[in-house]
Amino acid sequence: DGGTKKPADANPKNVGFDLPGQAILVGTPEDNAVLKVVREGLFLPYAPSKEFPGTGKGYIAWQRDAVGLGRESITVIAYDETGMSEAVGTLYEAVQGMDPLTKFTLPESSTLTGASKATAAPSLKIAWVVNVTDRVVSITSGDTLSVLSADGTRTSLSADGKVTGSKAELVEAEASKPDATAMATASKILTPDRLLKTAVPFNKGVAIAYWGGTLKLTDADGKVVSQLQMPNDIGAMATTGDKLIVGTSDGKVYSVSR
């Protein structure tokens, strides 16, 4: 739970649990205090309840940072004895690798042929980088750039990346909503091995951010014309003129262009 905290906020939600390492969490959020925090922190892909996973069924999930920063954990959830037996048994099967990683038979031999030409789109150029106080959750463009960080600080930037002002807001910082039209366009031309996070209109195409920091620009026909792998996850984007402003999870704001 990011942002500026006081000593009184030193609870498991903010600082994690005092566990020596990785953990396997067994039970339900109703009878396991650690599982309850994991559920409330939205680490689980589906919210567990007596209706899900259901009678006689188990639920297994993996998560990172749920019990402590950098700590991995596995949840084994079930609401009856039969379901727990199934969940624990399935976990043992996964650990032992009873099912192969792929349904295909691996080749006995293979060859590699070097590419005859480059197929990757040209890299985007970074004009400037500015540090702000915390993870970027929202960027508003206008006469100046207004960058909202997760700790509630709003930083004003000039077009050339100079900090012109900063103030702490009392309201809790909320992430800006993605542009619906740009998201609809981006969903039709997704990169197969990436998960879409946000998108904004840019020039005649769209700027697409994927989870993990991959940034791609397209033209009006949906063809990728330039791209860049950001060093951290992208939290928000905005446009100003021919520049794309990108805020990342490590508290940096970038101005990029083709």
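The values are calculated or read from the model by the stated rules, or taken from the named source; none is laboratory data. Keep in mind that what you see is a predicted model, and the values were worked out from it rather than measured. Neighbour counts are summed over all protein chains in view; Cβ atoms, including those assigned to glycine, are modelled from backbone coordinates with ideal geometry. The protein model used for the area step is the full one, side chains on, heavy atoms only, and it has no ligands, DNA or RNA in it. Shrake-Rupley method; radii C 1.70, N 1.55, O 1.52, S 1.80 Å.
Rolling a 1.4 angstrom probe over the protein heavy atoms, how many square angstrom per residue are accessible across the chain?
63
Work through the residues other than residue 205 whose Cβ is under 11 Å from its Cβ and net out their charges, Lys, Arg +1 and Asp, Glu -1.
Details: positive: 204, 216, 223, 258; negative: 219, 221.
Combined, the nearby Lys, Arg, Asp and Glu give +2.
Can you give me the relative contact order of the chain as a percent, contacts being Cα pairs under 8 Å and 6 or more apart?
Relative contact order, the chain: 15 percent.
Sort 202, 104 by accessible area with a 1.4 Å probe, largest first.
Numbers: 202 10, 104 140 Å².
Sorted by accessible area, descending: 104, 202.
Based solely on its DSSP helices, what 222 nm [θ] is calculated for the chain when runs of n ≥ 4 H residues each add -39,500 (n - 2.57) and the sum is averaged over all residues, nearest 500 deg cm²/dmol?
That calculation yields -4000 deg cm²/dmol at 222 nm.
So, in Å, what gap is there between the alpha-carbon centers of the stretch 85-149 and the stretch 8-22?
The stretch 85-149 and the stretch 8-22 have Cα centres separated by 28 Å.
With a ≥ b ≥ c the root eigenvalues of the C-alpha gyration tensor of the stretch 51-139, is it rounded (a/c under 1.5), prolate (a/b larger than b/c) or oblate?
oblate
Only four residue types carry charge here, +1 at the Cβ of Lys and Arg and -1 at the Cβ of Asp and Glu. Report the dipole size of the stretch 1-63 about the Cα centre in Debye, rounded to the nearest 20.
Numbers: 7 positive and 7 negative charges, 15 e Å.
Value, rounded to 20: 80 debye.
Among 97, 155, 126, whose Cα projects farthest towards the positive end of the dipole of the stretch 84-165, with charges put on the beta-carbon of Lys, Arg (+1) and Asp, Glu (-1)?
Among 97, 155, 126, the one farthest towards the positive end of the dipole of the stretch 84-165 is 126.
Take the chain, connect every pair of alpha-carbon atoms lying under 10 Å apart with a spring to form a Gaussian network, then pick out the residue of 151, 233, 219 with the largest mean-square fluctuation.
The residue that fluctuates most here is 219.
Return the carbon/sulfur percentage of the accessible area of the chain, one whole number, probe 1.4 Å, all protein chains in place.
On the way: 8560 of 16160 Å².
Summing carbon and sulfur atoms, their accessible area is 53 percent of the total for the chain.
Relative contact order for the stretch 1-147: what is it in percent, counting Cα pairs under 8 Å that are at least 6 residues apart?
18
Pull up the DSSP beta bridges for the stretch 22-98 and report the antiparallel fraction as a percent, rounded to 5.
Details: 6 of 12 bridges.
Just about 50 percent of them are antiparallel.
Here are labelled values, (1) 18.7; (2) 19.4; (3) 21.6, and one is the computed Kirkwood radius over Cα pairs in Å for what I pasted. Which one?
Looking at Kirkwood radius over Cα pairs in Å for this model, the match is (3).
Given axes a ≥ b ≥ c from the Cα gyration tensor, I'd like to know whether the stretch 7-83 is rounded (a/c under 1.5), prolate (a/b larger than b/c) or oblate.
Here the stretch 7-83 falls in the prolate category.
Could you give the length gained by full extension between residue 51 and residue 118, i.e. 0.36 nm per residue of separation minus their alpha carbon distance, to one decimal place?
Difference between extended and current length: 18.9 nm.
Looking at the chain, which longest stretch skips every one of the GluC sites (Glu not before Pro) that is in a DSSP loop with at most 15 other Cβ atoms within 10 Å, leaving the sites themselves out?
That gives 175-258 as the longest site-free run.
What is the sum of charges around residue 255, taking Lys and Arg as +1, Asp and Glu as -1, for the other residues whose C-beta is under 14 Å from the C-beta of residue 255? Could you put the intermediate results ahead of the total?
Numbers: positive: 125, 162, 243, 252, 258; negative: 160, 242.
Summing Lys/Arg as +1 and Asp/Glu as -1 gives +3.
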